[in-house]
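Enquirer: Attaching a single structure in structure tokens format; questions to follow.
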Amino acid sequence: DGETHPVPAGAARTADSPFVRACRRRPVPHTPVWFMRQAGRSLPEYREIRANVAMLESCRRPELVAEITLQPVRRHKVDAAILFSDIVVPVAAAGVDLDIVPGTGPVVGEPVRTRADVERIRPITVDDVRYVDEAVRLLVAELGETPLIGFAGAPFTLASYLVEGGPSRTHAKTKALMYGDPELWHALCARLAEVTLAFLRVQVAAGVSAVQLFDSWAGTLSEADYRRYVQPHSAKVLAGLADAGVPRIHFGVGTAELLPAMGEAGADVVGVDWRTPLDVATKRIGPDRAVQGNLDPCVLFAPWPVVEAEVRRILDEGQVAPGHVFNLGHGVLPETDPDVLTRVVALVHEVSARPAH
Ligand code: CP3
């Protein structure tokens, strides 16, 4: 609990915000809402500012990062900002040759196959990611009482990109390494956990109010394999932040069977996709953690009455959770009409408004 640890100076100002309060399972004036991938191609102002800058390059320019991060906050009045970056940014800083290809995602020059490949992933310090430290400081100064969420990729999801060499539907090469050479697998994940933890600690020291650990593709595993091959590494990252004084959100897609295990990895908030209703998710996760989610991003393409009914259902089901942060079940799709997102924020605030606590 946040009260048993010193809150970092940067995060102190936001400790009473609806977002941080919900993460801490405290009463809130209204259910807080933000959207994964709220910064990005759904916004014309983003497409304009990114027109001549490559994705990875844009993540390394603090002023640009700050501007892109603020765009959805200004437009939608969401309850939290999320740092504009990507899960592969710290891996690139650790020396891995990779790029983010438009329309595809991260592509790795030489996929990881051997112990020597793992050894080449260097541990990172703040000096390797100065631009992130700077961007967070700029943002914290701009955002005032609006919390900034820092984030990183979890070892499994990062390993998947590194082993496959790019996005994958089956994660076949990743699983082949995991089952075929568990020792190498654990060495790879241990190194990635180190990089991820260092990257998150840089963000915490610079003033983020919460962190989200994205294990987007963990849902491809059975619970038993998740517990055996993945959870110990994610747990190491989350435990390494236990004294940081900021809530830890842990998220994946298709994780209905993994929700308890992902909570037990050391999360304060468990992200839930649209496949599991929040009341069911809460029963699985237990009373000691808040939940985040879980509108299907595709519902945003439906007529407004359908969107409204879904938002109301989710708020209703979220009431049994000890804390609820409204979000999508995965990221905003690029084709989304941003005006619908703005309307969803207003609706969440209106429907969930509670008398002074
Ligand atoms: O607003 C936010 O949520 C913050 C920004 C953010 C990005 N990537 C920016 C981005 C965050 C939180 C991420 C995390 C990320 N990156 C994840 C985990 C979240 C998830 O979606 O499950 C993953 C798996 C990645 C890897 C990645 N990077 C993918 C799959 C893609 C999409 C490829 C494409 O072009 O469709 C990227 C590129 C990327 N990261 C973009 C953005 C805005 C699109 C690139 C662009 O705008 O040119």
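Enquirer: Go through 110-117, 206-213 and give me the packing order, highest mean Cβ count within 10 Å leading.
Expert: Ranked by mean Cβ neighbours within 10 Å, highest first: 206-213, 110-117.
Enquirer: Search the structure for amide H atoms under 5 Å from the amide H of Ile82, placed 1.01 Å from N in the peptide plane, and list their residues when 5 or more places away or on another chain.
Expert: Ile149
Enquirer: Can you compute 3J(HN,Hα) from phi for each residue in segment 52-68, using the Karplus curve 6.51 cos²θ - 1.76 cosθ + 1.60 with θ = phi - 60°, rounded to whole Hz and x for Gly and Pro?
Expert: The phi angles translate into 10, 10, 5, 3, 4, 4, 5, 6, 9, 10, x, 5, 5, 4, 5, 4, 5 Hz.
Enquirer: List every residue whose amide H lies under 5 Å from the amide H of Val101, counting only residues 5 or more places away in sequence or on a different chain, with H placed 1.01 Å from N in the peptide plane.
Expert: Counting only residues 5 or more places away or on other chains, the set is Val107.
Enquirer: Which of these, Val132, Val108, Val291, has the largest mean-square fluctuation under a Gaussian network model of the chain (Cα springs below 10 Å)?
Expert: For the chain, modelled as a Gaussian network with Cα springs under 10 Å, the answer is Val108.
Enquirer: In what order do Ser42, Ser85 fall by count of nearby beta-carbon atoms within 10 Å, going from fewest to most?
Expert: Lowest to highest Cβ neighbour count: Ser42, Ser85.
Enquirer: At 222 nm, what value in deg cm²/dmol follows for the chain if DSSP H runs of at least 4 each add -39500 (n - 2.57) and the sum is divided by all its residues, to the nearest 500?
Expert: Dividing the helical sum by the residues of the chain leaves -13000 deg cm²/dmol.
Enquirer: Next up: When the Kirkwood hydrodynamic radius is evaluated over all pairs of different C-alpha atoms of the chain, what value in angstrom, to one decimal, is obtained?
Expert: It works out to 20.2 Å.
Enquirer: Most mobile of Arg47, Arg275, Arg37 per a Gaussian network model of the chain (Cα springs, under 10 Å)?
Expert: Arg47
Enquirer: Starting at the first residue of segment 294-310, write each ³J(HN,Hα) from the Karplus equation 6.51 cos²θ - 1.76 cosθ + 1.60 with θ = phi - 60°, in whole Hz, x for Gly and Pro.
Expert: Listing the rounded values in order: 8, 6, 4, x, 6, 4, 5, 8, 7, x, 3, x, 5, 4, 4, 5, 5 Hz.
Enquirer: I would also like to ask the following. For the chain, what is the percent of antiparallel DSSP beta bridges, rounded to the nearest 5?
Expert: 15
Enquirer: Report, ordered by chain and residue number, the aspartates and glutamates lying within cross-link reach of Lys77, taken as a straight Cα distance under 16 Å and ignoring same-chain residues fewer than 8 apart.
Expert: Within the straight-line cut-off, Lys77 pairs with Glu45, Glu67, Glu142, Glu145, Asp337, Asp339, Glu350.
Enquirer: Which value, in debye to the nearest 20, describes the size of the charge dipole of segment 2-351 about its Cα centre when Lys and Arg Cβ atoms bear +1, Asp and Glu Cβ atoms bear -1, and nothing else is charged?
Expert: 300
Enquirer: Can you give me the long-range amide H partners of Gly271? Hydrogens built in the peptide plane at 1.01 Å from N, cutoff under 5 Å, separation of 5 or more residues or another chain.
Expert: Under 5 Å from the amide H of Gly271 lie the amide H atoms of His250, Phe251, Gly252, Gln292, each far enough along the sequence or on another chain.
Enquirer: Taking θ = phi - 60°, what integer Hz values does the Karplus form 6.51 cos²θ - 1.76 cosθ + 1.60 yield along segment 72-83, in sequence order, with x for Gly and Pro?
Expert: Using θ = phi - 60°, the values come out as x, 5, 4, 6, 9, 6, 5, 7, 8, 9, 10, 3 Hz.
Just so you know, all these numbers are worked out from the coordinates, no wet-lab data involved. Predicted model, so just to flag it, every value in this text is computed and none were measured. Counting neighbours? That spans all protein chains shown, and the Cβs are built from the backbone with ideal geometry, glycine included.
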